[in-house]
Every structure is written in C-alpha cells, then in structure tokens.
1. With θ set to phi - 60° and the Karplus curve 6.51 cos²θ - 1.76 cosθ + 1.60, what are the ³J(HN,Hα) couplings of segment B:273-288 in order, to the nearest whole Hz, using x for Gly and Pro?
2. Quickly work out the B:Gln4-to-B:Ser218 label distance, labels modelled 7 Å from Cα along the C-beta direction, and quote it in nm with one decimal.
3. Output the 0 to 90 degree angle, nearest 10, between the alpha-carbon long axis of helix B:86-97 and the longest principal axis computed from the alpha carbons of chain B.
4. Which angle between 0 and 90 degrees, to the nearest 10, do you get for helix A:31-41 versus the longest principal axis of chain A when only C-alpha atoms count?
5. Name the residues of segment B:42-75 whose amide N is less than 18 Å from a point 7 angstrom out from the Cα of B:Glu119 along the C-beta direction?
6. List the GluC sites (Glu not before Pro) within segment B:111-207 that fall in a DSSP loop (any state other than H, G, I, E or B) and whose Cβ has at most 14 other Cβ atoms within 10 Å.
7. Can you give me the Kirkwood hydrodynamic radius for segment A:20-132, using every pair of distinct Cα atoms, in Å to one decimal?
8. Place a +1 charge on the Cβ of each Lys and Arg in segment B:20-134 and a -1 charge on the Cβ of each Asp and Glu, then give the dipole magnitude about the Cα centre in debye, rounded to the nearest 20.
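Nothing in this text is a laboratory measurement; each read-out follows from the coordinates by a stated rule. Please read these numbers as outputs of a predicted model, since none were measured by experiment. Cβ: placed from backbone, ideal geometry, glycine included. Neighbour counts: every protein chain shown.
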Amino acid sequence: MSASIKAFAHGNRGVGIRNHQLILPSVICSTHVSRRIATEVGGVTFAHQHGCAIIGDDVAGIDNFFIALADHPNVNSVLVIALGCETIQGQELAAKLLESNESTQYRIIQESGGVEGTVAAGVKAAKELNAAFPPATLETTSLRIGIDKGREVSVISELQKLLQGVGHEVIISESQSSSADSFSRLAQEKAHIIISFPDENQPTSGFPLMPVINVASDGVLHQAIRADFDIDESAILNDILALIDSVASGTQTVAEKNNSGEIRAPRVVRSV
Amino acid sequence: MTSQLFAYKRETGQWGLRNHVLILPLHSALASSARAIADASDGAVAISHDWSGEVDNDLPRILFTLTGYAANPNNYAVVFLSIGTPNEKQIIAGAQSLGLTRFTTLSLPEIGSMEKLQEKAISVANEYMKGAAAEKRIAAPWSAIVLGLECGGSDALSGITANPALGVASDRLVELGATSVLGETTEILGAEHLLAARAIDPEVGKKIVAMVARYEASINYEGIDIRGAQPSRGNIEGGLSTLEEKSLGAAKKAGNAPFTGVLEFGEKPLVPGLYFMDTPGHDIEQLAGFGAGHINIVVFTSGRGTPTGSAIMPTIKVSTNTPMFESIPDLIDLDAGTIADGVETLAQVGDRIFDEILEVANGKQTKAELGGHHEFSLSRMYNTVV
C-alpha cells in the first residue's frame, strides 16, 4: 500500500492531487486575456494556437480535447474565456462542461467590453467560482500515473509492477520525438501525475494540469541540464514511490516551479 | 501633420519601424522561459510556439518561418534560447544570412538549467535594450514601409467599409513606392480571377490563380470542401452568406493597384509593389507568415473585434461598424463604420488609415501594443497526429 495522500474531491471530475482553477481560452485570440486573469487569481492557463480556422475532424477533436482538460481530476473549477466569433464557441463549450460539472463559467471578450472589461469580469467570475467551490480534501492511496516513454527504459516493467504493487494505476504512452503529444494523450486519460522519460536529445517539459516528474537519462544533454530533472533513471526504482507521495501531497516538481508547459493539441487536418 | 517617415536603418538596407529585442525560443520547452524572460526584462518581447524539434513534413515550413521572423527588420536584436540541435543552428545561421547582425544564442545545456538560462537571458536582453534605446530614427523613404493587409472576424460591412478604405490607403502607399501584401488565400477563393486580372503581366496572373488552386486542392485532399466550412459561424452571424461573398469583400483590402508578384508563405518581397502571399486565414498564423516575410506594419480590419497583435509588428485594428468600435474600445484603433453611417466617405476614412499608418510607423503605439498582445502561431500543412 502506498502512503496516504492528501487529495481533493472534485465532484464528477474525480479525486485530484492539485486544486487547479483552469482559465481555458477557447481560441488563441483569448489566450492573453486568459493569462492576465490566471495571473491575478492564481489559476492555471496555457497558450495554444487552436479554436478557429479548423475544419473537418479537428472541430470535434479540439473541442473534445478542451473538454477532457476541463474534466481533468486535478481541476476544481473552469472559467472559459472566449473571443466570440471563433469556431469553438465558448458558451457552447461551457454548456457541455456544465452538463457534468457545475463549477464552470464563461466570459466572452466581444460581449464584455473588450480586453479590460473581460479581465475584470473574468477575475470576478474566477473569484466567485473559488468562493462557491472551496477545496474539499480527502485522503487517497491510489493514483492514476501516466508514463511518457520517450526513450528505451530498461526498468520500465519493474517500474510498472512497483507502482501497481502499491495500488496505483499505470498508463504508458510512447512518445514519438517530443513528449508534447504524449502529455496531451495522458491528460485525456486523466493521469494525476506523469513520469516522463524524455528522449535523450529532448529537454524536460511540463503540462499545466499535471505535475510532471522528469527522469534523466545518463546522456550528455540530460546530465548537462540535470538541475531541470527531478530524478535520475538509475535511482528510480529506489526513490520513485517516496517522490510520488511527496509530489502528490503538494511538493512542486521542477517543471511546476519553472511554470514549464506548452500544450500541443492533436491535429489531423491543416489549419485554414 | 508631418508626412515624413522616420525609421531605423538596418545593414541590409531594410528599415525597421520598431526596435524590438526578441526572445525567440527554438524549442517549445523553452517557450515558458521566453515569456518569463520578456516579462522580467526592460521591455523585450517574446513569442511562444509548440514546435519541439519534430522532424516531419512541416519541418521546412517551420524552419523558414522562424528564420525569417528572427531576421525581421523590426528586430534590433534577438536572443535565441536553444537546445543546440542542428535544425536550431540552421535557423540561427539562416537569420544571419538574411541580415540579422545583433543576436546572442543561449544554449540550455551549456548554461545548465532553465532557471539560470532565464537569469542570463534577462541580463543579455537588458543590454540589448540599452543599445536599442540609444539608436535614433532617421528620415526614411516610403519604400521603408512593408504593409501587411489582414482581416479577421468579417461581417457584412467588411467589404463595404473597412476593407475598401484600407484599399485606398494601400493604393496611396504603393503609388508612393511602399510595399503592400495581401494574404489569406482562404479568403481569396472565388475572387482570384479579379486579382489575376490586375497582375502586372500574365505570368503573375497565372501564379495567383495557380496558388489559389493549389490551396484549395490541399484542403480537398483532406476530403473536405472548404466552402462548407467558410464563411465561419461568426461570419454568418455577422451577415455573410457565402465564401465568395466573403472573398469579394476581403480582396478589397488590396485596393486597385496592379499586383507585382506572389509570395510563398513567409517569403519576403524584394522590390516595392503590391503582392499576394499564400497564407491561411487563421489570423495569427497569417501574422507569423507576415513577420517571416519581413512585413513591418499591419492593418487588420474586423467586423466582430479581436484583441490580437504581434510581438514585433505594430498591428492597427480597424472596425467595420461603429457599434463594435464603441462596445470594445480598447481593441480597435480606428472606426470605418462611419462610412455606413454616412458620416465620412470611403476616401476620407482611407486617408485616416493612411495617416494612422504613418503615425504608427513613426512610433505611435497601437491598442494591441499597449495591451501587450504578442500572439504567435506556426502554420502547418500536415497533421500533428502520428
């Protein structure tokens, strides 16, 4: 059994190990306003290039990706910030989110008096959400752990057994060249934490909603930037359980401290 | 008002209308650091993007975009944040060959951590900021202006007010010897024959038609008819009925001047004149292509209103209708809705846009600049899902 972990009850989103308020821009045009709101209220947000000029399967694909992020168990409440004329309509996105979680609001730039008006309205809405949905803590012992396998890892099956042995669920995602697509998949699979083994030629990276534990290889790049990693691969079987307990209970990973994390939504069609 | 342009002369002979210090992350993992560096510096700007060094079919397009963007004449200096891959080195070398002279490459593995990289980059950026502040604008010819024409969130008035008024300003600038670039191939579909008829010679006309056909084929290849996806829902709510109607309105931004040539996405025009550049209609991807193509100022017309701008190119927003201008005043620089209201003529608003271009070129801050809007987006032709 894993040690008891302090966690948060997030309604239909599930039990999370972070109590994030997600300021979700429904389109690239609202990412800057979203960041201003998030900075002021202590929420998380991210820059992305989507939400408009998308066609075909990407319309539903991007919509579903945003819904998955908003429904992530580490999220306590969601404020959608829309522009107004984009393909992914903010109020429709918010309506879909409200079907499963009441802790959702939206604001639209074109209907809120522009940038300053929307920042003010968004900050107010975010604070209202925080007041209406205070953190509800509980204890848990079982987490869903995503493993981003960006390189060959000799201890992967031992690691998997170790984690499963203490009651954690494990999802492994093989990433192609960088971890970005893998992180997006693991977010959609609602992983609480990611253990990332980036390719030896890739640096560390993070993700706004999930703490990422970056595991260093003994390669030249990784050892040169060892300070950006949380743990060495050679130490992982000995130390990972204690590290997971610590991170799950609130200790920030290096990527979290660095605010590191750009998301990359999966795309199947060129933009128009 | 004065009708003299003052700008920053670059060693390439190009002119900068701004003197930016750009923090350019060459890997998406460094994008958050780039933003933190710019925020903590004395006025440097940053972009973020989602390219993590992937080697796929879009690689040439991504390298071309970032290379051209780094060498945009509005950049006084560039601080590259690098992992040190050969492709990153190619971007830096390419920017140098395009005329970028002041730059520093900060290598993450050499510095050892993102935290130390940020500290170092802030001090490098601040040194460049001092140099940028010491440089003076000098009298510049009209050819110094390389204008980008953009529209986004179009409505039924776009083709009647803001777009033709911008066309008036564009025509005046081209007549004076400046360069003007129309983009958004999506929004030329159905109007390409009209643009081709204005080409300086039949060859250029054929190129315009071929570029549009190539674009439509690349969408049809995906099994999708773009005419079902455009105009967008926002456009329809704004009163547009078909893609052709949207295109006829969008093309009016380019006035009536003859087309000197066509440009690939992110390609820079070599001699003054009016050009057509093959870009997506996605506002921010288009702005990235304009930046890569060394456009140094943009006029962006909008019916619905948008806050977006560019880290390096001043972007003047023009509303097509007065109610929108009044409801979201901190997004829009000029109102062309006065034409529909019968308050001003097309020529008068065109002159007002021309005057604003000159003032902004000479240093007046746009609403998007004042708001710190530095959106950026790489354009990809292929999917990102393997």
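1. Using θ = phi - 60°, the values come out as x, 9, 10, 10, 10, 6, 10, x, x, 3, 3, 7, 5, 4, 4, 5 Hz.
2. 4.4
3. On a 0 to 90 degree scale, this one is about 70.
4. Between the helix axis and the principal axis of chain A, the angle is about 80 degrees.
5. The answer is B:42.
6. Working: sites: B:Glu115, B:Glu119, B:Glu127, B:Glu135, B:Glu150, B:Glu175, B:Glu184, B:Glu187, B:Glu192, B:Glu203; in loops: B:Glu135, B:Glu184.
Qualifying residues, ordered by number: B:Glu135.
7. Working: mean 1/r = 0.0738 Å⁻¹.
It works out to 13.5 Å.
8. Working: 7 positive and 11 negative charges, 66 e Å.
It works out to roughly 320 debye.
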